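The values are calculated or read from the model by the stated rules, or taken from the named source; none is laboratory data. The structure presented is a predicted model; accordingly, all values stated were derived computationally and were not measured. Neighbour counts are summed over all protein chains in view; Cβ atoms, including those assigned to glycine, are modelled from backbone coordinates with ideal geometry. When the accessible area is computed, the model is the full protein with side chains, heavy atoms only, and any ligands, DNA or RNA have been set aside. Shrake-Rupley method; radii C 1.70, N 1.55, O 1.52, S 1.80 Å.
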Amino acid sequence: MNDGPVVEPLAGLSRAYAAAREQAARVIVGQEATFELLFVALLAGGHILLEGVPGTAKTLLAQTLAALVGGTFRRVQFTPDLMPSDVVGTTVFDPRAVEFHFRQGPVFCHVLLADEINRAPAKTQAALLEAMEERRATVDGEGHLLPEPFLVVATQNPVEYEGTYPLPEAQLDRFMFKLTVDYGSAEVEREVVRRHLAGFERTRLETTGLRAVLSPADLLACRADLNRVAVEPDVVGYLVEIGRATRQSPDLQLGSSVRGPLALALGARALAALRGRQYVTPDDVKELVRPALRHRIVLRPDAEIEGLSPDDVLGRALAGVEVPR
C-alpha cells in the first residue's frame with residue numbers, strides 16, 4: 001500500500017469535510033454515518049436510496065447537504081398521480097413570442113429529494129431514473145443537461161406497502177448506496193426535543209448559522225482530484241471477488257451486478273479521500289459492502305424463511321473472500 005504523504009488537494013478536501021461535519025452538527029443529531037455516506041455519494045457522482053420510517057431526519061439530511069455545498073435543493077413528493085413532466089419539466093407555448101419554451105422541472109437542481117419514490121407509477125420512476133443515469137432530461141425529443149454535481153436522495157417507507165410501486169431490481173441497481181435510517185437512541189431523541197424547544201426550525205436552516213464549506217465548482221474540482229487516490233490491483237481484485245461471491249451464494253437467487261463492485265471502488269476512493277488518504281484500504285471496501293450491495297441482491301425463499309437478511313448474507317459472502325495484505 002502507498003503510505004506516502006497526503007497530497008494537498010486531498011488534504012483540502014478532508015479539511016472541508018471536517019468543517020462540513022462540524023456545520024452539520026448544528027442541525028443533525030445522531031446520523032453521522034448516514035451523513036458521511038451521503039457526502040461520499042455526492043463526491044463520487046452516485047445516488048442514494050434511504051429507507052426509514054417517518055421522522056428520522058431524511059429530508060433534513062438532504063437539505064443540510066445541499067446547503068453545505070452551496071447547492072440548490074428541491075423536494076418532490078411522489079404520489080400515484082405524479083406524471084413524468086412533474087419531475088423533469090415540460091414545454092409550454094408562449095403566445096406572445098409564438099414559440100415553445102422549455103420549463104424546467106424540479107430535477108434541475110444539485111440535490112433532489114425524491115420523497116417516497118415507490119408511491120409513483122413506473123413511468124414516472126423511470127423518467128427520474130433515466131435522468132439519474134444520463135445526467136440529462138429528455139422532453140419532446142430534446143435533451144437538457146442537468147446541473148453538476150447532481151445527487152438524488154430517494155426515500156421509501158419500509159412498513160407501508162399498500163398503494164406503492166416497488167422499484168424493480170434493474171432500477172434499484174442505479175443507486176450507489178441503499179441506507180437504512182432508524183430511530184436514534186434515547187439520548188439522541190432528548191437532544192432533538194431539546195433543540196426544538198430552544199427554537200430550532202428545520203424549515204429555516206439559515207437561522208442555525210449553517211454555512212457552505214464548498215461551492216458546486218469546488219466539489220467538481222475535488223471529484224476530479226479523486227483520480228489521485230490509488231486503488232491498488234490487489235484491492236481491485238478484492239472488491240471484484242466480493243461481488244462475484246454474491247453470485248455464487250447458495251442463499252441468493254440473484255447476486256450483485258457489475259455495478260456493485262464499481263460502486264465499491266468509486267465509493268471507497270471517495271471515502272479514503274474524505275479521510276485524508278491517497279490510497280484505498282481493504283477496510284474502506286469492507287465498510288461499504290452492505291450499503292453498496294444490499295439492494296442489488298435477491299434472497300432465495302428458503303433463506304428468507306430461515307430469517308436471513310440481505311446484510312446477513314453479505315456478511316457470509318464477505319467472510320469467504322480472502323483479504324489482501
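What the table below lists for this structure:
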{"read-out": "Carbon + sulfur, % of accessible area of region 25-89 - ligands and nucleic acids excluded, 1.4 Å", "value": "54 percent"}
{"read-out": "Estimated dipole of region 16-85 in Debye, rounded to 20 [Cβ of Lys and Arg +1, of Asp and Glu -1, Cα centre]", "value": "160 debye"}
{"read-out": "Region 204-325 - charge dipole about Cα centre, Lys and Arg +1 at Cβ, Asp and Glu -1, debye rounded to 20", "value": "400 debye"}
{"read-out": "DSSP-defined antiparallel bridges as percent of all bridges, the chain, nearest 5", "value": "40 percent"}
{"read-out": "Dipole axis of region 151-298 (+1 Lys, Arg; -1 Asp, Glu on Cβ), positive-most option in Ala221, Ala170, Val240", "value": "Ala221"}
{"read-out": "Solvent-accessible area of Lys123 with every protein chain in place, 1.4 Å probe, in Å² to the nearest 10", "value": "150 Å²"}
{"read-out": "Per residue solvent-accessible surface (Å²) - the chain, probe of 1.4 Å", "value": "48 Å²"}
{"read-out": "Region 1-107, relative contact order [Cα under 8 Å, separation at least 6], %", "value": "17 percent"}
{"read-out": "Dipole of the chain [Lys/Arg +1, Asp/Glu -1 at C-beta], most positive-end residue of Gln77, Val193, Thr56", "value": "Val193"}
{"read-out": "Nitroxide proxy distance, nm - points 7 Å out along Cα→Cβ at Arg190 and Leu210", "value": "2.5 nm"}
{"read-out": "Straight-distance crosslink candidates among lysines, where the alpha carbon sits under 25 Å from Lys123 and sequence neighbours closer than 8 are dropped", "value": "Lys58, Lys178"}
